[in-house]
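Peer 1: Here's a structure for you.
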Amino acid sequence: MEAPFVNPQEDTAAEAIEAIGDELDVFDDWMERYQYIIEMGRKLPPFPPEWCNDAHRVPGCQSQVWLEEKEADGRLYFAGLSDAAIVCGLVALLLRVYSGRTREEIQATDPGFLRDLGLVQALSTNRGNGVEAMARAIRTAAAVSA
Amino acid sequence: MSTQTPTVHAVPQLDVHAIRQQFPILGEKVHDRPLVFLDSAASAQKPNAVIDCMANTMRHQYANIHRGLHWMSERTTEAYEGVRDLVADFLNAPSREEIVFTRNSTEAINLVAHSFGALLKPGQAVLISQMEHHANLVPWQMLRDWAGIDLRVAPITDDGDLDIEAYKALLADGKVALVAITHMSNVLGTITPAKQIADMAHAAGAQVLFDGSQSVVHHKTDVQALGADFYTFTGHKLYGPTGIGVLWGRRDLLEQMPPFLGGGDMISTVTFEHSTWANIPHKFEAGTPAIVETIGLGAAIEWVNKIGFDGIAAHEADLTTHALQRLATVPGLNIVGHPRVRGGVVSFTMADVHPHDIATLLDRNGIAIRAGHHCAEPLMRRLGLSATARASFGIYTQKEEIDVLADTLVRIRDFFV
Ligand SMILES: Cc1ncc(COP(=O)(O)O)c(C=O)c1O
């Protein structure tokens, strides 16, 4: 899939989650972990500035997150961006897990992994976090029948 | 020429260490670091005096109020109504009947928008400012839409002060019935010139409501000296519990206003055809109120009174000066708002670092601040920002915590450049 949509690096969402966990485990300091996450955000394919508008905006409280999707060969591909660096890194993690998967796989993959990795606290209740809204938007997109 | 010796007031020093001992939560660790809590403007932590009072109320002295003919109910009613006296005294209100308990400031402002709003005629106007919290903005938009009144917005200067000339001009046609304005901005820290605002409003035939949510915490409030007509605040920012707020209103205004909510406790007589209203303040207090929380608010006010506003104000002024100096040394940091008079709230942005990232990284270091639009989106737009980071200080804040904040911000900045 062409940029800015994200191609999967791992064969399945579960493998992507495991790989992310392993990569984060390398660091024993949270500041380093965040540095790594920020780096992942910076490596996202460039998101077209003309998509940074209300139509693409995922309503979130503290930072802005933009999302676009595209379907090809029975798979959903996503592109995303946030104006906050850490959130952008979390977006990159989410897209590594969810982009380029089938609707069934997306729906079967609980976004709770962000919490399990210690990346987001109280994932389901913190409406301030755009990532939670983003995870919901991705799964809602997958739930809508094509 | 007469020589006058200036009177020297000894500024009482707060024993911050002893005060901190009274806040159990301040001993907690966050991400294995000692908690540095710099988010008191969102909600303050609670001293043992409040926690114990509420627990003891539920353990030993609790029943519904105003209705039981039994000992427990009478004791609880006495404790609850005693808080009305405390609040009246706290605001220097002329009488206890002018104190209405609400859930929070938001509800107090909605009450005025609904019930004072019911007295307004199309063509009249409500005047707010550009630095209002959504709580003192949205209720007036709702009133505008159902009552056909105008909503005017007084601009602020680039420094974050009310633009007094523009404010005056907006009052000039005499159509403004109510000025509703913050006494202290939760974003910029601005303490507004309340007395001047009230005098100008009255000269133009308008009443004035002050949103005191932020300001009551930092200095002594005297609604009569300010010349206010309505004043609101919220318990949880004043070291008290959530779920309890206060509206003070001038007796003659409250008496003219229709009730806000209908139900038990607010009536005098009820038939299937018709009801008559209780006297103020009960007319505005429908249903079982937040009994324990109100009593807890009383404990918070007594606790604050015991410390005294001279000491509190001096301590917080000291902290704010220190914060402004220390933050100015952080590379790339920009303080948002330079008002003439300010309270213990400092908003800032950093070049190349989003406020959300600042807050997340500070949090990993045990430092709690707020980042976002602070429920003041139109103000953010006026400032040309989508968000700021905000540190805010309270009775228990130590200078060392501000140093930790500044040092950590320097590290965060290094992280991004
Ligand atoms: C200036 C100001 N007004 C009103 C409010 C609303 O307070 P509450 O949410 O307790 O009603 C706040 C609290 O965030 C505030 O800072």
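Bear in mind that the values in this text are calculations on the coordinates, not laboratory data. Keep in mind the model is a prediction, meaning the values are calculated, not measured. Glycine gets a Cβ as well: all are built from the backbone with ideal geometry, and neighbour counts include every protein chain shown.
Peer 1: Neighbouring Cβ atoms within 10 Å as the yardstick, rank B:Ile307, B:Ile402 fewest first. Present the calculation step by step, with values, prior to reporting the outcome.
Peer 2: Details: B:Ile307 17, B:Ile402 23.
Least crowded to most crowded, the residues run B:Ile307, B:Ile402.
Peer 1: Let me ask something additional. Using the number of other C-beta atoms within 10 angstrom as an exposure proxy, rank B:Val336, B:Val187 with the fewest first.
Peer 2: Numbers: B:Val336 19, B:Val187 27.
Listing B:Val336, B:Val187 from fewest to most nearby Cβ atoms yields B:Val336, B:Val187.
Peer 1: Given a 10 angstrom Cα cut-off, can you work out which residue in B:Arg59, B:Arg382, B:Arg75 is the most mobile in a GNM of chain B?
Peer 2: So, out of B:Arg59, B:Arg382, B:Arg75, the one fluctuating most is B:Arg59.
Peer 1: For segment B:164-176, just list the computed ³J(HN,Hα) in residue order, Karplus coefficients 6.51, -1.76 and 1.60, θ = phi - 60°, integers in Hz, with x standing in for Gly and Pro.
Peer 2: Result, ordered by residue: 5, 5, 5, 4, 4, 5, 6, 8, 4, 7, x, 8, 6 Hz.
Peer 1: Now for a separate question. Run lengths n ≥ 4 of DSSP H only: what is the helix-derived mean residue ellipticity at 222 nm for the protein assembly as shown, with -39500 (n - 2.57) per run over all residues, to the nearest 500? Write down the numbers at each step before the final one.
Peer 2: Working: 20 runs with 225 residues, N = 563.
Computed ellipticity for the protein assembly as shown at 222 nm equals -12000 deg cm²/dmol.
Peer 1: Take the alpha carbon atoms of segment B:52-91, find their radius of gyration, then divide it by 2.2 N^0.38 Å using N residues; give the quotient. Spell out each step's value before the answer.
Peer 2: Numbers: Rg = 11.0 Å, N = 40, 2.2 N^0.38 = 8.9 Å.
Normalised Rg, Cα atoms only: 1.23.
Peer 1: Here's another thing I want to ask about it. Could you give the nm distance between label points at B:Asp310 and B:Lys168, where each point is 7 Å from its Cα heading toward the beta carbon?
Peer 2: About 3.6 nm separates the two model spin labels.
Peer 1: Which angle between 0 and 90 degrees, to the nearest 10, do you get for helix B:291-307 versus the longest principal axis of chain B when only C-alpha atoms count?
Peer 2: Roughly 50 degrees between the two axes.
Peer 1: Rounded to the nearest Å, what's the spacing between the alpha carbon centres of segment A:13-43 and segment B:205-240? Just the number, please.
Peer 2: One Cα centre to the other: 48 Å.
Peer 1: Convert each backbone phi in segment A:95-111 into a coupling constant with the Karplus relation 6.51 cos²θ - 1.76 cosθ + 1.60 (shift: θ = phi - 60°), then list the ³J(HN,Hα) values in order as whole Hz, x for Gly and Pro.
Peer 2: Ordered by residue, 3J(HN,Hα) equals 5, 4, 7, 9, 6, x, 10, 6, 4, 5, 5, 4, 5, 7, 9, 6, x Hz.
Peer 1: Using Cβ counts within 10 Å as a stand-in for footprinting exposure, how do B:Thr397, A:Thr140 rank, fewest first?
Peer 2: Numbers: B:Thr397 26, A:Thr140 11.
Listed from fewest to most nearby Cβ atoms, that is A:Thr140, B:Thr397.
Peer 1: Follow-up question, since we're still on this one. Please label the shape of segment B:51-306 as rounded, prolate or oblate, based on the square roots a ≥ b ≥ c of the eigenvalues of the alpha-carbon gyration tensor (a/c under 1.5 means rounded; beyond that, a/b larger than b/c means prolate, else oblate).
Peer 2: Details: a/c = 2.34, a/b = 1.44, b/c = 1.63.
Because a/c hits 1.5 or more and a/b fails to exceed b/c, segment B:51-306 counts as oblate.
Peer 1: I've got another one for you. Would you mind giving the mean number of other chain beta-carbons within 10 Å of the Cβ of each residue in B:109-118, as a whole number?
Peer 2: On the way: counts 0, 0, 0, 0, 0, 0, 0, 0, 0, 0.
For this peptide, the per-residue mean of nearby foreign Cβ atoms is 0.
Peer 1: Just to be sure I understand: with springs between alpha-carbon atoms less than 10 Å apart, which residue in B:Val100, B:Val246, B:Val330 has the highest mean-square fluctuation in the Gaussian network model of chain B?
Peer 2: Taking springs between Cα atoms under 10 Å, the residue moving most is B:Val330.
Peer 1: Would you please give the residues with an amide H less than 5 Å from that of B:Asp39, counting only those at least 5 places away or on a separate chain, with H modeled from the backbone geometry?
Peer 2: It is B:Ser392, by chain and number.
Peer 1: Under 17 Å Cα to Cα from B:Lys121, which lysines show up? Leave out anything in the same chain fewer than 8 places away.
Peer 2: Excluding near neighbours in sequence, the set is B:Lys175.
Peer 1: Classify chain A as rounded, prolate or oblate from the Cα gyration tensor: take a ≥ b ≥ c as the square roots of its eigenvalues, call it rounded if a/c is under 1.5, otherwise prolate when a/b beats b/c and oblate if not.
Peer 2: Values: a/c = 1.39, a/b = 1.19, b/c = 1.17.
Rounded is the answer for chain A, as its axis ratio a/c remains below 1.5.
Peer 1: First check a/c for segment B:167-271, with a ≥ b ≥ c the square roots of the eigenvalues of its C-alpha gyration tensor; if it is under 1.5, answer rounded, and if not, answer prolate when a/b is larger than b/c or oblate otherwise.
Peer 2: Values: a/c = 2.41, a/b = 1.19, b/c = 2.02.
Verdict is oblate for segment B:167-271.
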